[in-house]
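Below is one structure, written out as structure tokens, with a few remarks after it.
The values are calculated or read from the model by the stated rules, or taken from the named source; none is laboratory data. Computed from a predicted model, the values in this text were never measured in an experiment. Neighbour counts run over all protein chains shown; Cβ positions are idealised from the backbone, glycine included. Only protein heavy atoms, including side chains, enter the accessible area calculation; ligands, DNA and RNA are left aside. Shrake-Rupley method; radii C 1.70, N 1.55, O 1.52, S 1.80 Å.
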Amino acid sequence: MTTRSPRPKRPATPRRRGRPLATDGPDARERILQAARQEFSEVGYERTSLTKIAERAGLTRPAINYHFSGKESLYAALLDSTRDGVSTPGIKEAASATTLAGRFSAFLETAVRVNALDRSYARFIAASLLDAVRHPELEGRAQRQIADVRAFVEQSLRTAIADGEVPADCDVGAVTEMLVAMLWGMGLYAGFVGTPDQLKSAVTQFERLIEGKLW
């Protein structure tokens, strides 16, 4: 009786390295950011988990880790993307206007267009300020959103003074803070209170106020 020699084992197939499952789509990162905006704005920074964001985005948890090193990294990217999606384009749009009312109109109408497409932007902007109070490590980035708007408002007022639209004795600092408060209040309204149509109507009345035509 002859004995058969054992069949040699195949070498193990090396494990493929690289992107985890479900990260190859071109919109994966954007899906993560949108889901994160919704999750953070609804439950806050502390209660948000990367697992919940992955579920909401229809992706795996490793997919989140492929794009972001952790929750703080994702939150920082989200703040940057929100600035790039709302305040930055609004300020650029306003730069071509020649009057104070025109600059504010351009800025606000850009925000209205964004809000009509994705309300999570306005919600996250408002919620991020509350998170910054609870978590000081987030404050610097969150406050940059206000700093951008404050700088835009102040420069618009100074330009209007130079052009003779606004009296030279205007208290620029105080008026700037008043307008920033009003704009931020409208952002809160846009995210959590009014419908897109109601926001559009409110913006129209704000523009009339700036033009001196409301009363």
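Suppose we look only past 18 Å in the calculated P(r) of region 151-213. What percent of the Cα-Cα pairs does that tail hold? List each step's numbers first, then the result.
Details: 851 of 1953 pairs.
Every Cα pair in region 151-213 considered, those over 18 Å come to 44 percent.
Label sites at residue 193 and residue 171, each approximated as a point 7 angstrom past Cα along Cα to Cβ, lie 2.4 nm apart. Taking all protein chains as shown and a probe of 1.4 angstrom, residue 98 keeps an accessible surface of around 110 Å².
As a calculated quantity, the FRET efficiency between residue 43 and residue 72 at R0 = 25 Å, using C-beta atoms, amounts to about 0.95. Size of region 85-148: Rg and Dmax of its alpha carbons, in Å, are 13.4, 40.
If you wrap the chain's Cα atoms in a convex hull and average its projection over all directions, what's the area in nm²? Walk me through the intermediate numbers first.
Values: hull surface 70.8 nm².
Taking a quarter of the hull surface, the average projection is 17.7 nm².
Applying 1/(1 + (r/R0)^6) with r as the Cβ-Cβ distance of residue 137 and residue 161 and R0 = 30 angstrom yields a FRET efficiency of 0.20.
Ordering 189, 121 by accessible surface, largest first, gives 189, 121; the 1.4 Å probe counts only protein heavy atoms, with every chain in place.
With the convex hull drawn over the C-alpha atoms of region 105-202, the volume per residue is 101 Å³.
Where Rh is the Kirkwood radius over the Cα pairs of region 61-122, the temperature 37 °C and the viscosity 0.692 mPa s, what D in µm²/s does Stokes-Einstein return? Numbers along the way, then the final one.
On the way: Rh = 13.1 Å.
Estimated diffusion coefficient is 250 µm²/s.
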